[in-house]
Amino acid sequence: MRVFVSLADRSAANYAYHLFKEGFEDFTFVGLTDERLERLGFESLGGYEQLSAVGFTEALTRLPAFLKLRRRLLEEALKSDAVLLCDAPALNLYLLKELKKLGAKKVFYFIPPQVWAWREKRAELVKKADAVITLLPFEFKLFKSLGARVYYEGHPLVDLVKPTGKLRPPPGTVGLLPGSREGELKRHLPLLKEVTRRLKRPFVVPTLPPFTERVKQALPKALVLSYDGASYDVFYGAEFSLIASGTASLEAGLAGHPHAVFYRVSPITYFLARRLVKVPFVSLVNLLLNRPVVPELLQKGPDELVRALEEVDRSAVKEELKELKELLGPPGVLGRLRELFRELFLRG
């Protein structure tokens, strides 16, 4: 059976790797993937790095290549027995719309767009998928209320966030997570360098192998790690972390790790986002707990980051983070999702 997958960002590709590395030997996967999935035997039509722009102005520079890629992906999806679209609404909502317009069957959306945060009208398009698989409990309730065929088995990170035991950082260690996209590194590394200059602390930076040397040069005072699971070791071993907003904040939260979330985008992107986004928080930790447990430092400078690092009550944050695992489902999420996907791929 041939399954087309559109894994257009690192988090989606990571979940797919852990989901499909066992139990799907009788399937052929093709689509937008990454190196780890290629090693599993996935046929790659490109990597998610091609779509790594962040923000409104940043995305414009990559528009021609993006349009060319999505045409090719649509052609390949139409040749497949089932289609799995993961996150990345800029690409995957287009594919969903065109596939359903052309009569495609077994088109599934895993990790739907955050319609609860902005552009809620997209939910009407998501409903056209033959099934929607959510990772957050409030998303399940939302799509259920809209009449979608929706499933929720918990969040894969409940099973994945575990220390490897490779790192034993000294007391007082601070984790620095600048993000995993080119634009994020460009904006965040100078900011974090200034933080390391101001504080006499041991710093550790988990990053991806392609960025290792760049991060080492930008943050010479920090220990830079690029092995699989390094960020989890940081969350279980460091005292505190400064984390670029994204999945890493939720991972830290599940590890019970005190942290602050920061992020920088272009002024025009920030201006537009402030007017379009309709939720009170950017961190999934705060959204899930429905209160400001971890500081959010958007468009802030080194003064604010240093202040958060020095002033946040670690014990109080750890106590509040204990609720997260209860909200995101019992262990065994990956197994439940594997069973669900096999059933969907085979029977629709």
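Against the definition (touching a strand residue (DSSP E or B) at 6+ places or on another chain (Cβ under 7 Å), aliphatic (A, V, I, L, M) and closer than 15 Å to residue 175 by Cβ), how does residue 298 come out, yes or no? It would help to see each step written out before you state the result.
Values: touching a strand residue (DSSP E or B) at 6+ places or on another chain (Cβ under 7 Å): yes; aliphatic (A, V, I, L, M): yes; closer than 15 Å to residue 175 by Cβ: no.
Against the criterion (touching a strand residue (DSSP E or B) at 6+ places or on another chain (Cβ under 7 Å), aliphatic (A, V, I, L, M) and closer than 15 Å to residue 175 by Cβ), residue 298 does not qualify.
Somewhere in the range 307-321, is a residue within 20 Å of the chain's Cα centre (by Cα) and either closer than 30 Å to residue 130 by Cβ or in the same structural domain as residue 235 (by TED's automatic domain parsing) (or both)? Scanning the range 307-321 turns up at least one residue that is within 20 Å of the chain's Cα centre (by Cα) and either closer than 30 Å to residue 130 by Cβ or in the same structural domain as residue 235 (by TED's automatic domain parsing) (or both). A single member of 260, 248 is at pLDDT 95 or above and part of a helix (DSSP H, G or I), and it is 248.
Would you check if there is a residue in the range 262-279 being closer than 22 Å to residue 133 by Cα, in contact with a helix residue (DSSP H, G or I) (Cβ under 8 Å, 6 or more places away or on another chain), surrounded by 13 or more Cβ atoms within 10 Å (Cβ to Cβ) and hydroxyl-bearing (Ser, Thr, Tyr)? No.
Please go through the range 168-178 and pick out each residue that is touching a helix residue (DSSP H, G or I) at 6+ places or on another chain (Cβ under 6 Å) and modelled with pLDDT under 95.
First, pick out the residues of the range 168-178 that are touching a helix residue (DSSP H, G or I) at 6+ places or on another chain (Cβ under 6 Å): 169, 175-178.
Scanning the range 168-178 gives a single hit, 169.
Residues that are in contact with a helix residue (DSSP H, G or I) (Cβ under 8 Å, 6 or more places away or on another chain), under 19 Å from residue 185 (Cα atoms) and either without any contact (Cβ under 8 Å) to a residue 12 or more places away in the chain or part of a strand (DSSP E or B) (or both) occur at least once in the range 297-319.
If a residue has to be surrounded by fewer than 21 Cβ atoms within 10 Å (Cβ to Cβ) and out of contact with any Gly (no Cβ under 8 Å at 6 or more places or on another chain) to count, how many in the range 163-179 make the cut?
Applying the first criterion (surrounded by fewer than 21 Cβ atoms within 10 Å (Cβ to Cβ)) to the range 163-179 yields 163-173.
So of that shortlist, the ones also out of contact with any Gly (no Cβ under 8 Å at 6 or more places or on another chain) come out as 165, 170-172.
Here the count works out to 4.
Residues of the range 100-151 being among the aliphatic types (A, V, I, L, M) and either assigned by TED's automatic domain parsing to the domain that holds residue 247 or in contact with a Ser or Thr (Cβ under 7 Å, 6 or more places away or on another chain) (or both), which ones?
First pass over the range 100-151, keeping only residues among the aliphatic types (A, V, I, L, M): 102, 104, 107, 111, 115, 117, 123, 125-126, 129, 131-133, 135-136, 142, 146, 148, 150.
Hit for the range 100-151 is 150, nothing else.
Pairs are defined by a Cβ separation below 6 Å, a sequence spacing of at least 6 or placement on different chains, a first member in the range 129-157 that is without any contact (Cβ under 8 Å) to a residue 12 or more places away in the chain, and a second member that is surrounded by 20 or more Cβ atoms within 10 Å (Cβ to Cβ) and not basic (Lys, Arg); the pairs so defined are 144/150.
Within the range 189-211, residues that are surrounded by fewer than 14 Cβ atoms within 10 Å (Cβ to Cβ) and among the polar types (S, T, N, Q) have Cβ atoms under 7 Å from residues that are outside any helix (DSSP H, G or I) and modelled with pLDDT of 95 or more in no pair, counting only partners at least 6 apart in sequence or on another chain. Out of 275, 291, I need the residue that is outside any helix (DSSP H, G or I), over 19 Å from the mean Cα position of the chain (by Cα) and not hydroxyl-bearing (Ser, Thr, Tyr). Which one? Testing whether each residue is outside any helix (DSSP H, G or I), over 19 Å from the mean Cα position of the chain (by Cα) and not hydroxyl-bearing (Ser, Thr, Tyr) leaves just 291. Scan the range 159-195 for residues that are within 21 Å of the chain's Cα centre (by Cα), of a type in the set (Gly, Ala, Ser) and in a loop (DSSP other than H, G, I, E, B) and the total you get is 2. Restrict the check to the range 142-158 and report whether at least one residue is surrounded by fewer than 18 Cβ atoms within 10 Å (Cβ to Cβ), on the phi < 0 side of the Ramachandran plot and not in a helix (DSSP H, G or I). Within the range 142-158, one or more residues are surrounded by fewer than 18 Cβ atoms within 10 Å (Cβ to Cβ), on the phi < 0 side of the Ramachandran plot and not in a helix (DSSP H, G or I).
Here are some residues: 67, 85, 95. Which one is farther than 14 Å from residue 7 by Cα and in the same structural domain as residue 12 (by TED's automatic domain parsing)? Exactly one residue qualifies, and that residue is 67.
The values are calculated or read from the model by the stated rules, or taken from the named source; none is laboratory data. Because the structure is predicted, anything quoted here is derived from the model rather than measured. With ideal geometry, Cβ positions are generated from the backbone for all residues, glycine too; neighbour counts draw on all protein chains shown.
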